[in-house]
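Take a look at the structure set out below.
The values are calculated or read from the model by the stated rules, or taken from the named source; none is laboratory data. Because the structure is a prediction, the values reported are computed rather than measured. Every residue, glycine as well, gets a Cβ built from its backbone with ideal geometry; the counts of neighbours run over all protein chains shown. Surface areas here come from the heavy atoms of the whole protein model, side chains and all, with no ligands, DNA or RNA. Shrake-Rupley method; radii C 1.70, N 1.55, O 1.52, S 1.80 Å.
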Amino acid sequence: MTYLDHNATTNIYQEVAKIMYDLASTGLYNPSAIHSYGRKGKSLIESSRKEIAQLLNIPNDNFKEYQITFTASGTEANNLILSNFKNGEIFISAIEHPSIFNHSKISNNVTIIQVDKDGLLDLKDLKNKLENSRSEKKLLSVMLANNNNGVIQPIKEIVKIAREYGVLVHSDFVQAAGKININIIDLDVDFASISAHKFGGPMGVGALIGKTKIHLEPIIIGGGQERGLRSGTENVPAIVGFGKAAKITKKELENNISHMKKLQKKLEEALLQRGDIKIVSHNKLRLPNTSMLINKNKKSETQLIALDMRSIAISSGSACSSGKTVVPYDLLAMGYSKEESESALRISIGRNTSKEDIEKFITTYNEINAL
Ligand code: PLP
(Lines give C-alpha, C1' and ligand atoms only; values in the text may rest on other atoms or scores of the structure.)
Protein backbone atom coordinates (compact mmCIF):
# COMPACT_ATOMS: atom_id res chain seq x y z
CA MET A 1 0.00 0.00 0.00
CA THR A 2 1.24 3.49 -0.84
CA TYR A 3 0.13 5.73 1.99
CA LEU A 4 -0.12 9.43 1.15
CA ASP A 5 -2.55 10.52 3.84
CA HIS A 6 -0.11 11.71 6.49
CA ASN A 7 -2.24 14.71 7.49
CA ALA A 8 -4.89 12.25 8.67
CA THR A 9 -2.32 10.45 10.76
CA THR A 10 1.31 9.48 10.28
CA ASN A 11 3.60 6.58 11.22
CA ILE A 12 4.34 6.28 14.89
CA TYR A 13 8.07 6.31 15.66
CA GLN A 14 9.16 2.80 16.64
CA GLU A 15 10.99 4.15 19.70
CA VAL A 16 7.68 5.74 20.75
CA ALA A 17 5.72 2.51 20.31
CA LYS A 18 8.33 0.62 22.32
CA ILE A 19 8.45 3.02 25.25
CA MET A 20 4.65 3.06 25.36
CA TYR A 21 4.44 -0.70 25.26
CA ASP A 22 6.90 -1.02 28.16
CA LEU A 23 4.99 1.49 30.28
CA ALA A 24 1.57 0.06 29.44
CA SER A 25 2.70 -3.47 30.25
CA THR A 26 3.79 -2.39 33.72
CA GLY A 27 0.82 -0.07 34.38
CA LEU A 28 0.68 1.22 37.99
CA TYR A 29 2.10 4.67 37.23
CA ASN A 30 -0.85 6.76 38.41
CA PRO A 31 0.74 10.20 38.75
CA SER A 32 -1.66 11.22 41.53
CA ALA A 33 -0.39 8.42 43.82
CA ILE A 34 2.16 9.23 46.52
CA HIS A 35 4.13 5.96 46.24
CA SER A 36 7.19 5.55 44.07
CA TYR A 37 5.24 4.29 41.02
CA GLY A 38 3.07 7.39 41.23
CA ARG A 39 6.08 9.66 41.61
CA LYS A 40 7.73 8.02 38.59
CA GLY A 41 4.52 8.58 36.54
CA LYS A 42 4.49 12.22 37.57
CA SER A 43 8.12 12.75 36.72
CA LEU A 44 7.65 11.09 33.29
CA ILE A 45 4.76 13.44 32.55
CA GLU A 46 6.80 16.47 33.55
CA SER A 47 9.64 15.37 31.24
CA SER A 48 7.14 15.12 28.37
CA ARG A 49 5.93 18.65 29.06
CA LYS A 50 9.53 19.83 28.69
CA GLU A 51 10.00 18.00 25.37
CA ILE A 52 6.85 19.58 24.02
CA ALA A 53 8.04 23.02 25.15
CA GLN A 54 11.32 22.37 23.29
CA LEU A 55 9.47 21.45 20.10
CA LEU A 56 7.75 24.84 20.25
CA ASN A 57 11.08 26.54 20.98
CA ILE A 58 10.19 27.60 24.51
CA PRO A 59 13.58 27.97 26.24
CA ASN A 60 13.99 26.64 29.79
CA ASP A 61 13.98 30.20 31.11
CA ASN A 62 10.49 30.79 29.74
CA PHE A 63 9.09 27.33 30.56
CA LYS A 64 7.01 28.57 33.51
CA GLU A 65 5.39 31.29 31.41
CA TYR A 66 3.55 28.61 29.43
CA GLN A 67 1.16 26.06 30.80
CA ILE A 68 1.03 22.82 28.81
CA THR A 69 -2.17 20.91 29.54
CA PHE A 70 -2.51 17.35 28.27
CA THR A 71 -5.83 16.46 26.68
CA ALA A 72 -7.15 13.41 24.84
CA SER A 73 -6.81 15.02 21.38
CA GLY A 74 -6.25 18.16 19.37
CA THR A 75 -10.04 18.32 19.15
CA GLU A 76 -10.35 18.45 22.93
CA ALA A 77 -7.65 21.13 23.20
CA ASN A 78 -9.57 23.25 20.67
CA ASN A 79 -12.82 22.71 22.55
CA LEU A 80 -11.20 23.57 25.87
CA ILE A 81 -10.04 26.96 24.67
CA LEU A 82 -13.25 27.86 22.85
CA SER A 83 -15.38 26.87 25.83
CA ASN A 84 -13.55 29.50 27.89
CA PHE A 85 -14.99 32.22 25.68
CA LYS A 86 -18.61 31.09 25.73
CA ASN A 87 -19.55 34.27 27.52
CA GLY A 88 -17.60 36.44 25.07
CA GLU A 89 -17.17 36.69 21.32
CA ILE A 90 -15.13 34.23 19.27
CA PHE A 91 -13.70 35.07 15.85
CA ILE A 92 -12.53 32.22 13.62
CA SER A 93 -11.37 31.87 10.04
CA ALA A 94 -13.68 30.33 7.45
CA ILE A 95 -11.29 27.40 6.94
CA GLU A 96 -10.69 26.16 10.49
CA HIS A 97 -10.75 22.44 11.26
CA PRO A 98 -14.27 21.19 12.25
CA SER A 99 -13.20 21.08 15.92
CA ILE A 100 -13.21 24.88 15.75
CA PHE A 101 -15.43 25.59 12.76
CA ASN A 102 -18.44 23.56 13.88
CA HIS A 103 -18.83 25.79 16.94
CA SER A 104 -20.14 28.42 14.53
CA LYS A 105 -23.05 26.08 13.78
CA ILE A 106 -24.12 25.66 17.41
CA SER A 107 -23.20 28.96 19.08
CA ASN A 108 -24.38 32.44 18.26
CA ASN A 109 -21.24 34.13 19.59
CA VAL A 110 -18.95 32.92 16.78
CA THR A 111 -18.08 35.29 13.94
CA ILE A 112 -16.45 33.94 10.79
CA ILE A 113 -13.64 35.93 9.16
CA GLN A 114 -13.41 35.51 5.41
CA VAL A 115 -10.37 34.16 3.56
CA ASP A 116 -9.09 34.95 0.07
CA LYS A 117 -8.78 32.58 -2.90
CA ASP A 118 -5.57 31.15 -1.39
CA GLY A 119 -7.10 30.58 2.02
CA LEU A 120 -5.26 33.47 3.64
CA LEU A 121 -7.17 35.42 6.27
CA ASP A 122 -8.76 38.59 4.92
CA LEU A 123 -7.12 41.15 7.22
CA LYS A 124 -9.55 43.90 6.22
CA ASP A 125 -12.52 41.73 7.17
CA LEU A 126 -10.72 40.87 10.43
CA LYS A 127 -10.22 44.55 11.32
CA ASN A 128 -13.81 45.46 10.42
CA LYS A 129 -15.30 42.68 12.49
CA LEU A 130 -13.05 43.33 15.49
CA GLU A 131 -13.87 47.02 15.31
CA ASN A 132 -17.60 46.35 15.36
CA SER A 133 -17.46 43.95 18.30
CA ARG A 134 -18.97 45.27 21.51
CA SER A 135 -18.01 42.27 23.64
CA GLU A 136 -15.58 42.70 26.55
CA LYS A 137 -14.10 39.21 26.26
CA LYS A 138 -12.80 38.20 22.84
CA LEU A 139 -10.85 35.34 21.30
CA LEU A 140 -9.52 35.05 17.77
CA SER A 141 -8.73 31.50 16.62
CA VAL A 142 -6.75 31.09 13.38
CA MET A 143 -4.89 27.93 12.46
CA LEU A 144 -1.17 28.15 11.71
CA ALA A 145 -1.42 25.73 8.78
CA ASN A 146 -4.47 24.32 7.06
CA ASN A 147 -5.02 20.57 7.11
CA ASN A 148 -6.25 20.37 3.51
CA ASN A 149 -4.25 22.82 1.43
CA GLY A 150 -1.33 23.37 3.82
CA VAL A 151 -1.45 27.15 3.53
CA ILE A 152 0.42 28.91 6.34
CA GLN A 153 -1.18 32.02 7.84
CA PRO A 154 0.83 35.15 8.72
CA ILE A 155 0.07 34.58 12.41
CA LYS A 156 2.49 37.23 13.66
CA GLU A 157 0.78 39.92 11.62
CA ILE A 158 -2.64 38.61 12.67
CA VAL A 159 -1.64 38.71 16.36
CA LYS A 160 -0.48 42.34 15.97
CA ILE A 161 -3.90 43.32 14.63
CA ALA A 162 -5.69 41.39 17.39
CA ARG A 163 -3.62 43.18 20.04
CA GLU A 164 -4.79 46.57 18.72
CA TYR A 165 -8.33 45.51 19.61
CA GLY A 166 -7.49 43.81 22.90
CA VAL A 167 -8.27 40.33 21.56
CA LEU A 168 -6.57 37.16 22.80
CA VAL A 169 -5.32 34.77 20.09
CA HIS A 170 -5.43 31.00 19.80
CA SER A 171 -3.77 29.14 16.95
CA ASP A 172 -4.37 25.54 15.99
CA PHE A 173 -0.82 24.19 15.47
CA VAL A 174 -2.01 20.60 14.92
CA GLN A 175 -0.93 20.30 11.28
CA ALA A 176 2.04 22.64 11.52
CA ALA A 177 3.82 20.81 14.35
CA GLY A 178 6.51 18.53 12.94
CA LYS A 179 6.25 20.04 9.45
CA ILE A 180 7.61 23.53 10.04
CA ASN A 181 9.73 25.03 12.78
CA ILE A 182 7.37 26.75 15.24
CA ASN A 183 8.53 29.39 17.66
CA ILE A 184 5.53 30.08 19.88
CA ILE A 185 7.24 33.00 21.60
CA ASP A 186 7.99 34.71 18.31
CA LEU A 187 4.46 34.11 17.02
CA ASP A 188 3.23 35.57 20.33
CA VAL A 189 -0.07 33.66 20.39
CA ASP A 190 -1.74 33.32 23.78
CA PHE A 191 -2.87 29.72 23.22
CA ALA A 192 -2.10 26.88 20.81
CA SER A 193 -3.22 23.29 20.28
CA ILE A 194 -1.17 20.30 19.16
CA SER A 195 -1.83 16.59 18.65
CA ALA A 196 0.72 13.77 19.00
CA HIS A 197 -0.44 11.48 16.18
CA LYS A 198 0.24 14.09 13.51
CA PHE A 199 4.01 13.90 14.08
CA GLY A 200 4.90 10.37 15.08
CA GLY A 201 3.26 10.08 18.48
CA PRO A 202 0.20 8.02 19.42
CA MET A 203 -3.44 8.82 18.68
CA GLY A 204 -5.61 10.04 21.52
CA VAL A 205 -3.33 12.57 23.15
CA GLY A 206 -3.00 16.29 22.56
CA ALA A 207 -2.19 19.46 24.44
CA LEU A 208 -3.37 22.98 24.93
CA ILE A 209 -0.49 25.36 25.45
CA GLY A 210 -1.34 28.71 27.01
CA LYS A 211 0.28 31.68 28.70
CA THR A 212 0.28 30.78 32.40
CA LYS A 213 -0.85 34.24 33.46
CA ILE A 214 -4.19 33.80 31.66
CA HIS A 215 -6.56 31.81 33.83
CA LEU A 216 -8.69 29.13 32.15
CA GLU A 217 -11.62 27.09 33.40
CA PRO A 218 -11.88 23.32 32.78
CA ILE A 219 -14.53 21.52 30.75
CA ILE A 220 -13.84 18.20 32.47
CA ILE A 221 -14.36 18.27 36.24
CA GLY A 222 -13.01 15.67 38.62
CA GLY A 223 -9.91 15.01 40.68
CA GLY A 224 -8.13 18.19 39.59
CA GLN A 225 -5.34 16.71 37.48
CA GLU A 226 -3.38 19.02 35.15
CA ARG A 227 -3.58 21.84 37.71
CA GLY A 228 -7.33 21.54 37.75
CA LEU A 229 -7.68 22.27 34.04
CA ARG A 230 -8.20 18.71 32.82
CA SER A 231 -9.34 16.14 35.34
CA GLY A 232 -9.03 12.42 34.72
CA THR A 233 -6.11 10.09 35.40
CA GLU A 234 -3.43 10.98 32.90
CA ASN A 235 -2.70 8.51 30.10
CA VAL A 236 0.94 8.10 31.10
CA PRO A 237 2.07 5.82 28.21
CA ALA A 238 0.47 8.13 25.63
CA ILE A 239 1.86 11.29 27.22
CA VAL A 240 5.33 9.77 27.41
CA GLY A 241 5.00 8.70 23.75
CA PHE A 242 3.95 12.25 22.92
CA GLY A 243 7.05 13.66 24.62
CA LYS A 244 9.34 11.14 22.95
CA ALA A 245 7.83 11.93 19.53
CA ALA A 246 8.32 15.66 20.20
CA LYS A 247 11.97 15.03 21.05
CA ILE A 248 12.68 12.97 17.92
CA THR A 249 10.69 15.37 15.75
CA LYS A 250 12.72 18.33 16.97
CA LYS A 251 15.96 16.49 16.22
CA GLU A 252 14.87 15.34 12.75
CA LEU A 253 12.84 18.38 11.73
CA GLU A 254 15.22 19.97 9.22
CA ASN A 255 15.94 16.64 7.49
CA ASN A 256 12.28 15.72 7.34
CA ILE A 257 11.30 19.11 5.95
CA SER A 258 13.85 18.96 3.15
CA HIS A 259 12.90 15.34 2.34
CA MET A 260 9.18 16.16 2.13
CA LYS A 261 9.77 19.38 0.17
CA LYS A 262 11.76 17.51 -2.50
CA LEU A 263 8.98 14.95 -2.93
CA GLN A 264 6.28 17.61 -2.96
CA LYS A 265 8.12 19.45 -5.75
CA LYS A 266 8.47 16.26 -7.78
CA LEU A 267 4.78 15.45 -7.34
CA GLU A 268 3.50 18.90 -8.18
CA GLU A 269 5.73 19.40 -11.22
CA ALA A 270 4.54 16.12 -12.71
CA LEU A 271 0.88 16.84 -12.04
CA LEU A 272 0.96 20.41 -13.33
CA GLN A 273 2.46 19.15 -16.58
CA ARG A 274 -0.87 17.48 -17.36
CA GLY A 275 -2.51 20.88 -17.81
CA ASP A 276 -5.87 19.88 -16.28
CA ILE A 277 -4.95 20.24 -12.59
CA LYS A 278 -4.88 23.20 -10.25
CA ILE A 279 -2.94 22.98 -6.99
CA VAL A 280 -4.67 25.00 -4.32
CA SER A 281 -2.60 27.96 -3.01
CA HIS A 282 0.25 26.76 -5.20
CA ASN A 283 2.32 29.93 -5.06
CA LYS A 284 1.76 30.62 -1.39
CA LEU A 285 3.73 29.61 1.67
CA ARG A 286 2.53 26.07 2.41
CA LEU A 287 3.43 23.04 4.46
CA PRO A 288 6.20 21.05 2.76
CA ASN A 289 4.02 17.92 2.60
CA THR A 290 0.52 18.98 1.54
CA SER A 291 -0.88 19.31 -1.99
CA MET A 292 -4.55 19.77 -2.72
CA LEU A 293 -5.47 18.99 -6.33
CA ILE A 294 -8.50 20.22 -8.18
CA ASN A 295 -9.47 18.53 -11.41
CA LYS A 296 -13.04 19.57 -11.93
CA ASN A 297 -13.70 16.91 -14.54
CA LYS A 298 -13.29 14.17 -11.94
CA LYS A 299 -15.28 13.58 -8.74
CA SER A 300 -13.05 13.01 -5.71
CA GLU A 301 -15.04 10.01 -4.50
CA THR A 302 -14.61 8.17 -7.83
CA GLN A 303 -10.90 8.92 -7.85
CA LEU A 304 -10.40 7.87 -4.23
CA ILE A 305 -12.02 4.51 -4.94
CA ALA A 306 -10.02 3.98 -8.13
CA LEU A 307 -6.78 4.82 -6.29
CA ASP A 308 -7.68 2.61 -3.33
CA MET A 309 -8.28 -0.31 -5.71
CA ARG A 310 -4.74 0.26 -6.95
CA SER A 311 -3.37 0.31 -3.36
CA ILE A 312 -2.98 4.05 -2.94
CA ALA A 313 -4.39 5.69 0.17
CA ILE A 314 -5.11 9.40 -0.04
CA SER A 315 -7.99 11.59 1.07
CA SER A 316 -10.39 14.12 -0.37
CA GLY A 317 -9.70 16.33 2.62
CA SER A 318 -13.37 16.47 3.45
CA ALA A 319 -14.26 13.06 4.83
CA CYS A 320 -16.45 13.21 7.89
CA SER A 321 -16.14 10.62 10.65
CA SER A 322 -18.50 8.21 8.88
CA GLY A 323 -16.01 8.03 5.99
CA LYS A 324 -18.46 9.72 3.60
CA THR A 325 -17.15 12.63 1.60
CA VAL A 326 -18.99 15.92 1.95
CA VAL A 327 -18.48 19.16 -0.01
CA PRO A 328 -15.42 20.82 1.54
CA TYR A 329 -16.60 24.05 3.19
CA ASP A 330 -13.07 25.44 3.19
CA LEU A 331 -12.78 25.33 -0.62
CA LEU A 332 -16.22 26.92 -1.00
CA ALA A 333 -15.13 29.68 1.41
CA MET A 334 -12.05 30.23 -0.76
CA GLY A 335 -14.28 30.84 -3.76
CA TYR A 336 -13.95 27.49 -5.54
CA SER A 337 -17.13 26.31 -7.25
CA LYS A 338 -19.11 23.32 -5.94
CA GLU A 339 -17.93 21.31 -8.94
CA GLU A 340 -14.27 22.15 -8.24
CA SER A 341 -14.64 21.54 -4.51
CA GLU A 342 -16.18 18.14 -5.13
CA SER A 343 -13.17 17.12 -7.18
CA ALA A 344 -10.54 17.89 -4.54
CA LEU A 345 -7.89 15.35 -3.63
CA ARG A 346 -5.42 15.80 -0.78
CA ILE A 347 -2.01 14.21 -1.03
CA SER A 348 -0.03 14.48 2.17
CA ILE A 349 3.54 13.22 2.33
CA GLY A 350 5.25 11.87 5.45
CA ARG A 351 8.79 11.38 6.63
CA ASN A 352 8.61 7.74 5.48
CA THR A 353 7.34 8.53 1.99
CA SER A 354 9.78 7.49 -0.74
CA LYS A 355 10.48 8.75 -4.26
CA GLU A 356 8.95 5.45 -5.46
CA ASP A 357 5.69 6.21 -3.63
CA ILE A 358 5.43 9.52 -5.47
CA GLU A 359 6.30 7.88 -8.81
CA LYS A 360 3.66 5.24 -8.20
CA PHE A 361 1.07 7.90 -7.41
CA ILE A 362 1.88 9.89 -10.57
CA THR A 363 1.76 6.82 -12.84
CA THR A 364 -1.46 5.56 -11.28
CA TYR A 365 -3.10 8.98 -11.34
CA ASN A 366 -2.26 9.30 -15.04
CA GLU A 367 -3.58 5.78 -15.68
CA ILE A 368 -6.94 6.31 -14.00
CA ASN A 369 -7.38 9.67 -15.61
CA ALA A 370 -6.62 8.35 -19.10
CA LEU A 371 -9.52 5.91 -18.89
N1 PLP B 1 -6.86 20.61 14.02
C2 PLP B 1 -6.42 20.29 12.79
C3 PLP B 1 -5.91 21.38 11.90
C4 PLP B 1 -6.42 18.97 12.36
O5 PLP B 1 -5.98 18.66 11.13
C6 PLP B 1 -6.90 17.97 13.24
C7 PLP B 1 -6.97 16.55 12.80
O8 PLP B 1 -7.05 16.25 11.64
C9 PLP B 1 -7.34 18.35 14.51
C10 PLP B 1 -7.31 19.68 14.87
C11 PLP B 1 -7.88 17.34 15.49
O12 PLP B 1 -6.85 16.62 16.08
P13 PLP B 1 -7.16 15.19 16.75
O14 PLP B 1 -7.15 14.19 15.64
O15 PLP B 1 -6.05 14.98 17.72
O16 PLP B 1 -8.48 15.32 17.40
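Assorted remarks:
- Helices (runs of 4 or more DSSP H) fully within region 231-337 counting 2 or more residues that are among the charged types (D, E, K, R): 236-273, 300-309
- Beta carbons closer than 8 Å, at least 6 apart along the sequence or on distinct chains, pair a first residue in region 355-371 that is in contact (Cβ under 8 Å) with a residue 24 or more places away in the chain with a second that is of a type in the set (Phe, Trp, Tyr) for 357/3.
- Pair list, Cβ < 6 Å and 6+ apart or interchain, from region 291-309 residues that are under 15 Å from residue 339 (Cα atoms) to residues that are among the acidic types (Asp, Glu) and not in a loop (DSSP other than H, G, I, E, B): 294/340; 296/339; 296/340
- Within region 14-36, being surrounded by 15 or more Cβ atoms within 10 Å (Cβ to Cβ) and without any contact (Cβ under 8 Å) to a residue 40 or more places away in the chain holds for one residue alone: 33.
- Lone qualifier among 86, 50 - being more than 16 Å from the ligand (Cβ to nearest atom), assigned to a helix (DSSP H, G or I), open to solvent by 30 Å² or more (accessible area, probe 1.4 Å) and at negative phi: 50
- Residue ID - surrounded by the most Cβ atoms within 10 Å (Cβ to Cβ), chosen from residues in region 115-161 that are over 30 Å from residue 6 (Cβ atoms) and in contact with a Gly (Cβ under 6 Å, 6 or more places away or on another chain): 138
- Hits in region 191-210 (condition: part of a strand (DSSP E or B), among the small types (Gly, Ala, Ser) and within 12 Å of the ligand (Cβ to nearest atom)): 192, 193, 195, 206, 207
- Those residues of region 211-249 which are under 20 Å from residue 171 (Cα atoms), more than 16 Å from the ligand (Cβ to nearest atom) and not hydrophobic (A, V, I, L, M, F, W, C), in sequence order: 211, 212, 213, 215, 217, 218
- Of the helices (runs of 4 or more DSSP H) lying entirely inside region 106-190, none contains at least 1 residues that are within 23 Å of residue 214 (Cβ to Cβ), within 16 Å of the ligand (Cβ to nearest atom) and of a type in the set (S, T, N, Q).
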